[in-house]
Every structure is written in structure tokens, then in C-alpha cells.
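K.L.:
One structure is given below, represented as C-alpha cells, and several questions about it will come after.
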């Protein structure tokens, strides 16, 4: 079989003749692929930031406790444990091992603390409390002793403390600020007693200065560095003394068996957290908590405590909601863009029908013709998509082609599809039947086919809304498509209503004495059944209004947050893009109907219509669908917002369920802009066609 | 009764393109049309018939020469002046009818009267009269798409007569009609010349139509090849 070869002169000739519409389609593809290609990676990066920000804001540490091993000796004595610091180190190591590599990778090095119960400073002045604390981490935190030295052991390594013995002495170091506030010097005894009035014998071994007071380890026990206001509500001040590895065993004996609290702290490192790592970390944290020993257990089991899982769950919900809301906006922009591309293809094919029909009559087969058109559209669309994605790569931290696919497919397929059908229709033998019944049957078949398509859209819209209400917006593409499909369904309803409305207006105009109103209304009635232009206008206006309302509603209740800001930016970007697509749709629809419009106007000119009157008639034709879109679109958009916002989980972004806040002034401005565009389109058309003489138009039968 | 010329064409040239590629559609065309007569313009395709009709009706402008219609120099009028001329003195009938598809036959006929701001009652009477004249009184409310080709052309003729023009220009009015219907349309044009006193200039290919004309003008390659002759005047 011979492989069909494109007729290259025809391919290049057509492309040259229709460079304008082709470039316009390319510009739409490039712009939308830029948006669709850049938004997902930007959202991804925003999600990373959101996770990090949530961890920074909440400081969700991971803590693990374990009871200290008992130090009972024979005969009711307690035995000093000289290697207690090493036991604490072991405990820290054991806890670290339990984390697993994934979780461990996003945490700072662990810090082990051993803290005493809170004691009262019994110097008779204002209420002040004191705590003994031990801090241990690989490599710090380091201190410099500016007076005295580190706490030393109070007794021999294997000393024993008999039951009822006097308080076991223990040495602590004080920071400069603590020592100054307490007016204590090295060697001084800190007057301390516990809640039961038992005196504690704690002596100052030295005064220290932290090498790095910003070291995160100090954050765990800030009272070690400076006096801290107490959180007890009575105006107390908290102090703490630093234990050393040597004095920790003495502190153990200075308190009851279970009074010292041993904890290992793991602090997440936000810079190592990514959105991708959240699920596995969340799962590990949940598993640790599930396997955690009971706080009442008297064994050495690990007892995990953290709000990290809750923080991650919240941020997952927020990011999920933001992603879903972004999906809603992206689907809206893509839907409008696809409709605009279909309209552009329709315009292109209308311009080409004579050439396509001529090619068929010269013997070119439909597959070859379709192939040539496909070649042209593929080159244009893919080059534009590559440009859009390349630009997206420059502007965003990555690029995603998946969302751009529908636009590229529409740009590639629409022109060849419409063109092949138009060429087939232009040259087929079938004629309009002479029999009236046959004509009626043909008409009804067309109407039935259209009704089936419309019903399909309505069913899809209903399904999307049901999915949105049942699964929420995060349930996939279908619920995210609910506003777009709702706008499309609303546009179809208005499309059905428009011919009735224009017919009504025409009837009223016929009773009037204004000829221009009659001719404008007549043209409007003649074109009111055109599907694509009104679909583009209404859908883009409705979705633009939806995006504006989403932006205004989210903006009014939003605290600062990366997620909320990103979503707002996307909402505003969509709110700008969609009206532009609507204006483009208006221009394309006007251009598609322009030949018939100006043919009629030319005929009216032969009856004595003046040129300026012809412009009014043209405006009269374009105004009804534009007015329907300008008024119906925003109302439809606000209705869709009312129907869907409850399922978008906006409260996860704004912090509270925001009240619907349609920005009526902006909606009005968008509507007025669309209407005003008619006042631009008509004079431009008039200027473009003024060059053609009436005789040319009437002879060629084409404006 | 002696009747003066309604249309005077004097030394009209019209060419398209320039230089070696220029196509001379009309070359020094000069003739008169007597008021209240029907003149057939005959010639092969591309001979310049339509260009001549357009120049006379003000749809196109000659490169040189003058066209006077009822004493008005058409070539000197601006767009508004030409619109007024078409509204009051000159009307057209085209091969493709040129009706407005969403308006009924009656509304199509009434369109020029609306432009002329004729009062509704008078407009309706005039429309009814014209539809009666063209034999379509029973089809007044039908849309053009519901009418046959011949009926549509009759509506177009009625519309052309609505504003009581002095000159009716018809470019191949029977081109899309079968022979019998075409003949009836030509007979209708002949009838309005008689009844309305309109001057009709009609281009046609069909020699059988010529018998209905008072005069026949032949055009070939932009030249009038014969002086006005033939038709009813010459028969």
C-alpha cells in the first residue's frame, strides 16, 4: 500500500494564509501550559514550605521517657550509681535506634535530660523555684566556667545512702544570670526544699557561661541560662542548676527513686523535611506512639510523647485541601482554555472550508487531508507547549506536563477533527431532502444528538457534585471538576434560553419603529444557536467569577501562611486568565461569524443602511450573547461558589470557615469589561472590512 | 410619450489590479437608460456586466467617467450620499436573493420602509400590496427558508420595489432558478415596469429572457459591442 504523502505546498500555503489564528492558538497553548506546568511544582514547593513552617511554628518535639532503674542495695540502702551518665547515654542511643532511619534523618541529634522535681528556694523572699537538670548531647552544649568549676561528685563512686539519712549533698553549676539573680557565689549552699519541706543540700560548684546561648539544647531547659517567669500564674520565677556527669549520681540519691525524670528529646530539623517525607514520618511516629509503654508502667520501657503526628496530620490536611483547591482552579482554567481552542479551531476551519472543499474535489482523500491538518496543528501545539513548559521551568522549581496535556491534545486534535468533518460535509453527495417529513426527521436527529451531548454534560456535572459532596474536593479529578462542569452545564442552560430570548427581543423590536433594533435583533436571533461562542463566554465568565470569589473569600479570613498566599496567588492568576480567555472567546466568536454578519450588513447597505448604522446593527448582534455572559456568568460563578465552597475545606487554609464574600465590584468590572469589548470588536471589524467594496462582498459572497 | 434618460453613463472606465496584471472590466462605456423601460444587459461571464451594474448603483466607483442617476452624479457621492441614493432611488435584486433568514417574507419586504422610517400602518399596507403584486400574499409570514427559490426571488423583487425606487438593478436574478420560474420572475419584472413605472436594468445570460426587455445592451470585454437594440423595442 502506498503511504500517503502530504502535499507540502498546500500545507505551507494554508499555514501562511491562516498564520493569525494559528499564532493565536499557539499563544493560548503556551500561556496555559505555562500556568499548568508551573503551578504543580510551585504547589509542591509550597507544600514543602508549609511542612517546615508548621514544624517551626509548633516546635513539635519528639520526647521519650523512661523510668530510671532502681538503685536499691542490700539492707535497705541506696547505692550510688557512678556510671549513671553512661546509662543515660545508653537510653539516648536506644531511643535513637527505635526511630528508624527515615525519621532519624529529619531530626537534630538527640538531647538527653534528667530533671529533678521543682524545689522551692527557701530564702524567704518572693516565690522562686529551682530545678536540678542534666543535659547531654553528642558535642555539647558546652560551657565555660568563669568561676569555680563543674560540679564534682559528693562522695565516693560506690557510696551508699541509708534509709533516713540526711539529705545527700549534690553540686550544681549556675549561669552568670542565675548566680547574679540569686546573689550566690561558688561554694554557696542554695536554700532549697521540696513540696513536703524536705531540705535539699545543693551547693554551687561554679559559675558558667554558655559557649553558644542560642544552642537548641538550652531551649529545652531555658531556666538553666536565666531566670524564667513561672507558668503557675502566681508570679513565681524559675531557676535551674546544671548537673554534670559527675554530680548526676549524687542528684539521683538526693531525690526519691522515681523523682528524677529521664527524657530524650528529638527536635525535627525543618530544613530536612519535605512534603514527600511526611507520610513515612507520620506513619513512624504513629507506630512509635502505638508501641509506647504506659506512663504508669514501672519498667524501663520507652514512653513516647509528641505532637508531631498531630502537626503532620494538620499540615497534610492543609496541603491536601490547598492542592485540591488549586486543582479546582486549574481545571477551571483548562476547561475554559480547551473551549477557546475549540473555538479557534472552528474559526480556522470556517476560513478554510473553500480550500478544503477544493482539495477534496481535486481528489485528496480525507485521511490525507486530515493528516496534513494534524501535522500542522501538532507542530504548532507542540512547539507552543514546549515554549510554555520551558518558561514554566524558568519560573518554577520544576515543571509538570500532566495538567497541560488536555490543552495540548485539544490544540492538536480540534483543527484536524473539525477540518476533516467540514471537508467531508462540503463534498458529500447527500442533499437536503425535498420531502418535508424527511427534513423534519433529519432536524430531529440533529436535535436529539445535541440533547444527548447536553445530557451527558449535565450528568457529568451532577456526578461531579455528588462526588464533591461525598468525598470532598480531595477525592480526585471528578470532584475537582465540579465547578468547571457546573459552569459548562449552566452555560448549556443559557444556550437553550438565548434563542428564546433573542426571538422575544426580535418580536418586540419588530413592533418598534427602530430599524436598527430590528436588524440587530434579527442577526442576534440568527446566530443565537451557535454553541461554542456562548459556551466560552459564559463558562469563562462564570469560572472567573468563581476564582474571584474564592480569592476574596479566602483572602478575608487568611492569616499569613505560605499555603494561603500560594492559593491566593493562583486564584488571582486564574481570575485574570479566565476573563482574558473570555475576551479571546468573544473576539474569536465574532471573527467566526463576521463573514455572515457583514454579508447581511452589506445587503442592508444596498437597501440604504449607512456605514455607522451598520456598526450599530453589528453591535446589536454581538450584545445579546455578551450580555448573557456578562450577567449570567458572574451570577453562575457565585452560585457555584455557594454550592461548592462548603466542600473545599477552606477553613483548613483560613483557620475558620470563611463566609462567602463575592467581590461584587470586581465581578461588575469584569462584566462591564466584557460588554465594553463589543465596543472595540465592532469598530475593529468595521475598519478591517471597510477596505472591501460592497460589490466585492456581494460578488464573493464572503465578507 | 417621449421619456428622457433616467441614467446617463459617460466614458466610464473601471479596472482591477495594476500594471501588466490590470484587468480592464469597463472601457469607455457610454449609454443612457430611458425612464420607465426595461433594459437587458447581456454578455459572457467576465464581460463586465456586474461591474457595470455596480458602478451604476454606486456599489463600486469607476476609475474615470461619470454616472448620473435621476440627475445625481453617483460618482461624486460620499458613503452617506450613496446610502441615501440607495434608500430613495436605486434598489437591487441579486442572484442569491439576499433575504434576511430570520425575518418573515413580509418583514423582509418591509425592511427598506423601516429604514425610510415609514409609519407602521403605511408600511404594512405597502408590504401587503407588494406581496400581492408578486403573488405571495399567502406567504407573508413564512421565513425565507420555507419558500422556494422562485418565491424568495419574488420576495426580493417586492423588497426592491418597497421604497418606490426610480431604478431597479437586477444582477442575474434568474441565475439560481429553473427556466420556467426564471421566466416568471422576468415577467414579474416586466410587469412592475408597466405597473410601477420603474426603470429596470437587468443582466442575464438567458436569451429567452431578452424578449421581455425594451432594449438589449451587449457587453464584451468591457466594451459595449452593439448600440442598444433588440428586445421589445427591436421586435
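K.L.:
Over all alpha-carbon pairs of region A:478-563, lay out the pair-distance distribution in 10 Å bins, whole %, shortest bin first.
P.N.:
16, 30, 24, 16, 9, 4, 0
K.L.:
To the nearest 0.05, how large is the calculated FRET efficiency for residue A:439 and residue A:460 if R₀ is 41 Å and r is the Cβ-Cβ distance?
P.N.:
0.80
K.L.:
If you don't mind, there's one more thing I want to ask. Return one number: the angle in degrees, 0 to 90 and rounded to the nearest 10, between the long axis of the Cα atoms of helix A:84-104 and the longest principal axis of the Cα atoms of chain A.
P.N.:
The angle comes out at about 10 degrees.
K.L.:
Same structure, new question: For residue A:362 and residue A:56, calculate 0.36 nm times their separation in residues minus their Cα-Cα distance, and state this gained length in nm to one decimal.
P.N.:
Working it through step by step, the gained length comes to 102.9 nm.
K.L.:
So how do B:191-200, B:168-177 stack up, highest first, on mean other-Cβ count within 10 Å?
P.N.:
Listed from highest to lowest mean packing, they are B:168-177, B:191-200.
K.L.:
Give the average, rounded to an integer, of partner chain Cβ atoms located within 10 angstrom of each Cβ in A:567-573.
P.N.:
Rounded to a whole number, the mean comes out at 0.
K.L.:
Then there is this: Let me understand region A:483-703 better: what is its radius of gyration from the alpha carbons, and its Dmax, in angstrom?
P.N.:
20.4, 68
K.L.:
Using all alpha carbons of region A:406-468, what is the percent of pairwise distances in each 10 Å bin, ordered from the shortest bin to the longest?
P.N.:
17, 24, 37, 17, 5, 0
K.L.:
If N is the number of residues in region A:61-306, what value comes out of its Cα radius of gyration divided by 2.2 N^0.38 Å?
P.N.:
1.05
K.L.:
Which of the peptides A:487-499, A:540-552, B:103-115 is most tightly packed, and how do the rest follow, judged by the mean count of other Cβ atoms within 10 Å per residue?
P.N.:
A:540-552, B:103-115, A:487-499
K.L.:
May I ask for the angle, rounded to the nearest 10°, between helix A:405-427 and the longest principal axis of chain A, with both axes built from Cα atoms and the value confined to 0 to 90°?
P.N.:
10 degrees
K.L.:
Could you work out the helix-only [θ] at 222 nm for the protein assembly as shown, with each DSSP H run of four or more residues adding -39,500 (n - 2.57) and the total divided by the number of residues, to the nearest 500 deg cm²/dmol?
P.N.:
The helix contribution divided over the protein assembly as shown gives -19000 deg cm²/dmol.
K.L.:
How would you order A:279-292, A:110-123, A:520-533, A:645-658 from highest to lowest mean count of nearby Cβ atoms within 10 Å?
P.N.:
Packing proxy ranking, top to bottom: A:520-533, A:110-123, A:645-658, A:279-292.
K.L.:
Expressed as a rounded percentage, what relative contact order does region A:165-236 have, with Cα pairs under 8 Å and six or more residues apart?
P.N.:
Dividing the mean separation by the residue count of region A:165-236 yields 36 percent.
K.L.:
I need the Kirkwood Rh of region A:76-119: take the reciprocal of the average 1/r across all distinct C-alpha pairs and report it in angstrom.
P.N.:
12.7 Å
K.L.:
So, one more: For region A:567-628, take N as its residue count and report Rg(C-alpha) divided by 2.2 N^0.38 Å.
P.N.:
It is 1.56.
K.L.:
I want to check the label-to-label distance for residue A:108 and residue A:672. Put each point 7 Å from Cα in the C-beta direction and report it in nm to one decimal.
P.N.:
5.6 nm
K.L.:
May I pose another question? Show me the three semi-axes of the equivalent ellipsoid for chain A, from the C-alpha gyration tensor (sqrt of 5 times each eigenvalue), largest first, rounded to whole Å.
P.N.:
In descending order, the three semi-axes are 80, 25, 21 Å.
K.L.:
If I model region A:358-439 as equal point scatterers sitting on the Cα atoms and use the Debye formula, what is log10 I(q)/I(0) at q = 0.18, 0.20, 0.23, 0.25 Å⁻¹?
P.N.:
Treating every Cα as an identical point scatterer, log10 I(q)/I(0) equals -0.80, -0.89, -1.01, -1.10.
K.L.:
Give the relative contact order (percent, whole number) for chain A; include only Cα pairs under 8 Å separated by 6+ residues.
P.N.:
Averaging sequence separation for qualifying contacts and normalising by length gives 17 percent for chain A.
K.L.:
Something else now. Report the label-to-label distance for residue A:470 and residue A:185 in nanometres (one decimal), using points 7 Å from each Cα along the Cα→Cβ vector.
P.N.:
Computed distance between label sites residue A:470 and residue A:185 equals 8.2 nm.
K.L.:
Measuring from label point to label point, each 7 Å out along Cα→Cβ, what is the residue A:529 to residue A:394 span in nm?
P.N.:
About 4.8 nm separates the two model spin labels.
K.L.:
Also, quick follow-up: Considering only the protein assembly as shown, what is the antiparallel percent among its DSSP beta bridges, to the nearest 5?
P.N.:
The antiparallel fraction comes to roughly 65 percent.
K.L.:
Please state, to two decimals, what the Cα-based radius of gyration of region A:95-194 comes to when divided by 2.2 N^0.38 Å (N = residues).
P.N.:
Cα-based Rg divided by the globular estimate yields 1.39.
K.L.:
Restricting the count to DSSP beta bridges whose residues both fall in chain B, what percent are antiparallel, rounded to a multiple of 5?
P.N.:
Just about 50 percent of them are antiparallel.
K.L.:
Take the Cβ-Cβ distance between residue A:556 and residue A:195 as r, set R0 to 60 Å, and report the resulting FRET efficiency rounded to the nearest 0.05.
P.N.:
In this case the efficiency is close to 0.75.
K.L.:
Further, regarding this structure: Using just the alpha carbons, could you tell me how many Å³ per residue the convex hull of region B:108-152 encloses?
P.N.:
Cα-based convex hull of region B:108-152, divided per residue, equals 71 Å³.
K.L.:
Using alpha-carbon pairs under 8 Å, 6+ residues apart, how would you state the relative contact order of region A:61-306 in percent?
P.N.:
With pairs under 8 Å counted, the relative contact order is 34 percent.
K.L.:
Return the whole-Å distance between the Cα centroid of region A:661-691 and the Cα centroid of region A:601-633.
P.N.:
Taking the Cα centre of each part, region A:661-691 and region A:601-633 sit 14 Å apart.
K.L.:
Just to confirm my numbers, what's the Cα centroid distance between region A:429-484 and region B:126-165 in Å?
P.N.:
41 Å
K.L.:
Shifting gears a bit: When a footprinting reagent is the concern and you count Cβ atoms within 10 Å, what order do B:49, A:303 take, fewest first?
P.N.:
A:303, B:49
K.L.:
Rounded to the nearest 0.05, what FRET efficiency is calculated for residue A:261 and residue A:569 with R0 set to 35 Å and r the Cβ-Cβ distance?
P.N.:
0.15
K.L.:
For the Cα atoms of chain A, what angle does the longest principal axis make with the long axis of helix A:515-527, in degrees from 0 to 90, nearest 10?
P.N.:
70 degrees
K.L.:
Residue A:500 to residue A:307: extension gain in nm, 0.36 nm per residue of separation minus the Cα-Cα distance?
P.N.:
Using 0.36 nm per residue and subtracting the Cα-Cα distance, I get 63.3 nm.
K.L.:
Something else: Other chains' Cβ within 10 Å of B:106-117 residues: what's the mean?
P.N.:
4
K.L.:
For region B:1-153, state what percent of all Cα-Cα pairs lands in each successive 10 Å bin, counting from 0 Å until the bin that includes the largest distance.
P.N.:
Bins of 10 Å from zero give 10, 30, 31, 22, 6, 0 percent of pairs.
K.L.:
For A:401, A:218, what ranking results if the residue with the fewest other Cβ atoms within 10 Å of its Cβ goes first?
P.N.:
Going from sparsest to densest Cβ surroundings: A:401, A:218.
K.L.:
Still on this model: Can you give me the C-alpha center-to-center distance between region A:135-153 and region A:565-580, rounded to a whole angstrom?
P.N.:
The two parts, judged by their Cα centres, are 56 Å apart.
Values quoted throughout were computed directly from the atomic coordinates according to the rules given, and no laboratory measurement underlies them. As the structure is a prediction and not an experimental result, all values here were calculated from the model. Because the Cβ atoms are built from the backbone with ideal geometry, glycine has one as well, and the counts that use them run over all protein chains shown.
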